[in-house]
Ligand SMILES: Nc1ncnc2c1ncn2[C@@H]1O[C@H](COP(=O)(O)OP(=O)(O)OP(=O)(O)O)[C@@H](O)[C@H]1O
Ligand SMILES: [Mg+2]
């Protein structure tokens, strides 16, 4: 997966992407005509105030929600052309996820949580790989601990290990530091960018933290569901803004 | 993927909802396995024994030598065949002679059961030998090797008879038995035209073979010939057995259905707990099919585990029961129960699968439809049509009920009782809770708020608790009231002997004989043989009746009696008993139904060559379990008193008064005494086993009921913990929390208990009255007891779980 040849087309692209939902009797458009393309290896920050549609956009980009109009191209594949299972398969092959609420399985140990995507896709040396990634995020001594026994920051590290262990080509992160205090959040952010850089992964990051956004190579700003700005960062490497 | 599935299974095994699912399924399988095994074993044991009473699996009985054409043919080599001829005759030893009941048997006799003699268990004597009754041996001081003359043939006494398998059915009076080999029969010169011989062709073998043989000759039977098998010859045993089996099946199923309620609740919790996992897995690329496989695999593993554990538990339970009854089983002179087959267990496992599919299937299917978007939008979950779920559960319940009892009426009645319990407890309990909220007790209001806030959940809890308690109460009632009622129908001093063929002028002598022994004199009833000739002017044509039973009833000669008073074990259900001087018939209601006889119909019987015609003026219900002599048809005194009759009586004779029988035999050789003690013992045995088995099932029901409580608690555990965190954060102490919950649970339990008590009393009454036809009263004290029991049980079971919640710190609670 990781070593598949680079294609000329962008890894991720949105074409006139929009989402309309029904609230009671009214049609409410929560996302209007999003349009961008992101080359492989780049990172995109989606920023905006609460309720501006960031998570909605992320869900559409990752194919876990369906647009009302427009389309998403993931690795040259139109998501609109795929059914739910097809999108799931594509996600399994290409994507890793990090969530604000961690989304670890509460009954599983750290190791088992990282093993989930690996075993789901039948990766050969799953345990070795999972252990390696947990060591990578500094939890080598906590393999057998369940989320209950881990702090928020530690839980998010497990989530990072899970996201990267599958050798994804793109990682979707929805406010990965949103549930953490500033210091811990900063650590997690550092770790994420470090892993991302090392693996050469494409990153789509939802945040309302401007500092974090500044560390991505691209910024897409939403306001009331409208894409009001899309620009490359002035300091693409983003070291401390 | 397989490793992931195993991982999920392992983790789920540690989760309380999954364990509750497992426990509930184990209970269901165990209860149904135990009941099924027991019923099957007892049934086969009894059938086997009933066959012993016939010394065969089936017999062709004839008053003339059996035509060779009836012998099993070429294609039926698997069948065992024996023949007997029984008749009264004089036997001699030296100068002495006396009447004996001779049985000439072919060498393979008996085919079923045991012929026990002083030599041990044997078959018919060899040619030239005889087995003799102990009474002859004692009377004439005979021992093995002595000579005995039967007719004109001299035989050697080979053994003394201890027990003969088919003595009960063959009841050739109390004349002492002499068994000889059939090959010696011609040489005795005793068989000639006009001699009263009872010929039997005995057949035994595989069930299907025997059935084929019977089918083959059934249509060819001539006058004086009839087929008999063990079941047909013992309707009392068969009826008791069927009732006991049905009752047990129902009780076992009740445990399973209670477990089903627990499964329904635990499955909801299981499903809720897995929304996030499923959403995550789907986000991480699992297809819906993979999710289905994962869940299906887990459920199959669940059923497999439950099947193994439950099967083992059920088997152990019934084995323990059989063991605890062994003394009783063996002391009745019978062999041990036959070993069980795996069928009841397999059935129970299949039922459990059906139960799980019916109660949890749709929820689990919906689970696989969890949208992956839930990882971002927590509130999303698949549409769960709970209405459809309940409907399916109800359907599965009815199907299970019907499978268990194979009786639509009983299944509907029980299912209706359950549905009623569900509705009534939901609504009734809810009303009670509302009433309590109106009371000026701040503590109660605060305690009941969680219930009031979530009416749906509260109703499920109330319903579950009520059903659990109703089940328990129903069993308590049934165990006491229903069984008491049932037992009462077979009193301890039920007659164990019949005496027939008593001449009217012997009644006084016989009464004196009883008095002299210190026994109370029995009641004598006249008995008249009559052939049914016409029904409403139409000649009776047995072939015209659609079912076998009716045909058989119509073609046989009736034993009629007369009298104008209704007997104590009869109940008038239509018409009235005859007035003095009136002419009329009274007919047993079951017979009337089978033969389509209605009140007012005219029946003609041929009695001793003359026709007696009269209308039917009464229909009676007869308690056959009383074991007293009863008649399908009786006539009024005015009509039949002058007809030639012999007398019949039934009486209870304790073992120590048995010598009386010998006196009767000696002084009145024409009187035939039948010992039905063995038959009675069989019925009693069924009752005993049923009572014991019910206790075992009660244990399973209790367990299932408690599982329901635990599952109901598990279902709202997370809401409760959030609420607890909030209350603690607002300054409530652990003690306060605990008191609040205690109040909530006890009020909930009390409300359910009250409802359950009322429902159980009603259902028990209805079941007894309509399904089992037993007089069971409405139990008035029960609701009070269940109110208390409900409160106690609810608090008791909930405490271990709630203690844990109350002890956790507010912070911890918020984090989880
Ligand atoms: N299915 C839906 N039905 C109704 N409204 C919706 C739905 N999905 C999203 N919304 C609304 O669309 C808006 C955008 O939601 P979204 O979660 O994408 O915002 P966000 O930018 O991620 O906010 P936050 O920073 O608070 O997470 C919100 O007002 C939300 O209530
Ligand atoms: Mg958001």
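The values are calculated or read from the model by the stated rules, or taken from the named source; none is laboratory data. This structure is a prediction, so every number in the text was calculated from the model and none was measured. Quick reminder, even Gly has a Cβ in these numbers, built from the backbone with ideal geometry, and neighbours come from all protein chains shown.
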Q | the range A:165-201, residues that are within 16 Å of ligand 1 (Cβ to nearest atom), away from chain B (no Cβ under 14 Å) and within 14 Å of the chain's Cα centre (by Cα) | A | A:177
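For every residue, the table says whether it meets (1) on the phi < 0 side of the Ramachandran plot; (2) more than 14 Å from chain A (Cβ to nearest Cβ); (3) within 29 Å of the chain's Cα centre (by Cα); (4) buried (at least 24 other Cβ atoms within 10 Å of the Cβ).
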residue	(1), (2), (3), (4)
B:5	yes, no, no, no
B:10	yes, no, no, no
B:13	yes, no, no, no
B:16	yes, no, no, no
B:71	yes, yes, no, no
B:79	yes, yes, no, no
B:92	yes, yes, no, no
B:114	yes, yes, yes, no
Q.
Just checking, does the range A:34-47 include any residue being near ligand 1 (Cβ under 8 Å from one of its atoms) and surrounded by fewer than 23 Cβ atoms within 10 Å (Cβ to Cβ)?
A. no
Q.
Condition check: over 32 Å from the mean Cα position of the chain (by Cα) and either modelled with pLDDT of 75 or more or surrounded by 14 or more Cβ atoms within 10 Å (Cβ to Cβ) (or both). Does residue B:449 satisfy that?
A. yes
(Q) I'd like the residue in the range A:139-150 that is without any contact (Cβ under 8 Å) to a residue 24 or more places away in the chain and part of a loop (DSSP other than H, G, I, E, B) and, out of all such residues, is surrounded by the fewest Cβ atoms within 10 Å (Cβ to Cβ). (A) A:141
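Okay, residues lined up against (1) modelled with pLDDT of 85 or more; (2) outside any loop (DSSP other than H, G, I, E, B); (3) over 20 Å from residue B:630 (Cβ atoms); (4) touching a helix residue (DSSP H, G or I) at 6+ places or on another chain (Cβ under 6 Å):
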| residue | (1), (2), (3), (4) |
| --- | --- |
| B:499 | no, yes, no, no |
| B:507 | yes, yes, no, no |
| B:521 | no, no, no, yes |
| B:526 | yes, yes, no, no |
| B:529 | no, yes, no, no |
| B:532 | yes, yes, no, no |
| B:543 | no, yes, yes, no |
Q. Looking at B:566, B:599, B:591, which one is in contact (Cβ under 8 Å) with a residue 12 or more places away in the chain and within 21 Å of residue B:539 (Cβ to Cβ)?
A. B:591
(Q) Let me spell it out: the conditions are (1) out of contact with any strand residue (DSSP E or B) (no Cβ under 6 Å at 6 or more places or on another chain); (2) more than 10 Å from chain B (Cβ to nearest Cβ), and residue A:119 meets all of them except one. Which number is the exception? (A) (2)
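Among the residues of the range A:90-105, write down those that are under 22 Å from residue B:379 (Cα atoms), more than 8 Å from every other protein chain (Cβ to nearest Cβ) and in contact with a strand residue (DSSP E or B) (Cβ under 8 Å, 6 or more places away or on another chain).
Our first condition is that a residue be under 22 Å from residue B:379 (Cα atoms); within the range A:90-105, this holds for A:97-105.
In the following step, the residues that additionally are more than 8 Å from every other protein chain (Cβ to nearest Cβ) were identified as A:98, A:100, A:102, A:104.
Selection gives A:98, A:100.
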Q) Considering the range B:383-397 alone, what residues qualify as being surrounded by fewer than 19 Cβ atoms within 10 Å (Cβ to Cβ) and either within 13 Å of chain A (Cβ to nearest Cβ) or assigned to a helix (DSSP H, G or I) (or both)? A) B:386, B:387, B:388, B:390, B:391, B:392, B:394, B:395
Q) Can you tell me how many residues in the range B:323-359 are part of a helix (DSSP H, G or I), surrounded by fewer than 21 Cβ atoms within 10 Å (Cβ to Cβ) and modelled with pLDDT under 85? A) 8
**Q.** the range B:90-123: number of residues that are part of a loop (DSSP other than H, G, I, E, B) and in contact with a strand residue (DSSP E or B) (Cβ under 6 Å, 6 or more places away or on another chain)
**A.** 8
Q: From (1) over 19 Å from residue B:5 (Cα atoms); (2) buried (at least 22 other Cβ atoms within 10 Å of the Cβ); (3) more than 9 Å from every other protein chain (Cβ to nearest Cβ), pick out the condition that doesn't hold for residue A:87.
A: (3)
Q: Mind telling me which of the residues B:373, B:380 ends up being in a helix (DSSP H, G or I), within 14 Å of chain A (Cβ to nearest Cβ) and within 16 Å of ligand 2 (Cβ to nearest atom)?
A: B:373
Q) Among the residues of the range B:187-203, which ones are free of Cβ contacts under 8 Å to residues at least 60 places away in the same chain and under 26 Å from residue B:160 (Cβ atoms)? A) B:187, B:189
**Q.** Residue identified as touching a helix residue (DSSP H, G or I) at 6+ places or on another chain (Cβ under 7 Å) and either modelled with pLDDT under 75 or on the phi > 0 side of the Ramachandran plot (or both) among B:671, B:697, B:676
**A.** B:671
Q | Condition broken by residue A:113, with the remaining ones in (1) over 29 Å from residue A:211 (Cα atoms); (2) facing another protein chain (nearest Cβ under 10 Å); (3) outside any helix (DSSP H, G or I) satisfied | A | (3)
Q: Please indicate, with yes or no, whether at least one residue in the range A:85-97 is within 16 Å of ligand 2 (Cβ to nearest atom) and under 19 Å from residue B:370 (Cα atoms).
A: yes
(Q) Every residue in the range B:266-290 that is outside any helix (DSSP H, G or I) and more than 11 Å from chain A (Cβ to nearest Cβ), please. (A) none
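Residues to consider are B:143, B:149; find the one that is farther than 30 Å from residue B:45 by Cβ and surrounded by 14 or more Cβ atoms within 10 Å (Cβ to Cβ).
Values: B:143 fails: surrounded by 14 or more Cβ atoms within 10 Å (Cβ to Cβ).
Result of the check over B:143, B:149: B:149.
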Q) Which ones in the range A:26-81 are more than 14 Å from chain B (Cβ to nearest Cβ), within 16 Å of ligand 2 (Cβ to nearest atom) and within 17 Å of residue A:217 (Cα to Cα)? A) A:44, A:45, A:47, A:48
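Which residue, of B:310, B:260, B:317, B:252, is more than 21 Å from the chain's Cα centre (by Cα), away from every other protein chain (no Cβ under 13 Å) and modelled with pLDDT under 90? Spell out the reasoning first.
On the way: B:310 fails: modelled with pLDDT under 90; B:317 fails: more than 21 Å from the chain's Cα centre (by Cα); B:252 fails: more than 21 Å from the chain's Cα centre (by Cα).
B:260 is the lone residue from the list that is more than 21 Å from the chain's Cα centre (by Cα), away from every other protein chain (no Cβ under 13 Å) and modelled with pLDDT under 90.
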Q: For residue A:162, work out the one condition from (1) closer than 22 Å to residue A:72 by Cα; (2) crowded, with 24+ Cβ neighbours inside 10 Å it doesn't fulfil.
A: (1)
Q | Test for residue A:229: is it more than 19 Å from the chain's Cα centre (by Cα) and either under 16 Å from residue A:47 (Cα atoms) or not in a helix (DSSP H, G or I) (or both) | A | yes
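Do we have any residue at all in the range A:60-75 that's part of a strand (DSSP E or B), within 23 Å of residue A:212 (Cα to Cα) and within 16 Å of ligand 1 (Cβ to nearest atom)?
No, that holds for no residue.
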Q. Take the residues of the range A:174-198 that are part of a loop (DSSP other than H, G, I, E, B) and more than 22 Å from residue A:42 (Cβ to Cβ): which is nearest to ligand 2 (Cβ to nearest atom)?
A. A:178
Q. Looking at (1) surrounded by fewer than 16 Cβ atoms within 10 Å (Cβ to Cβ); (2) within 16 Å of ligand 1 (Cβ to nearest atom), which is the one condition that is false for residue A:231?
A. (2)
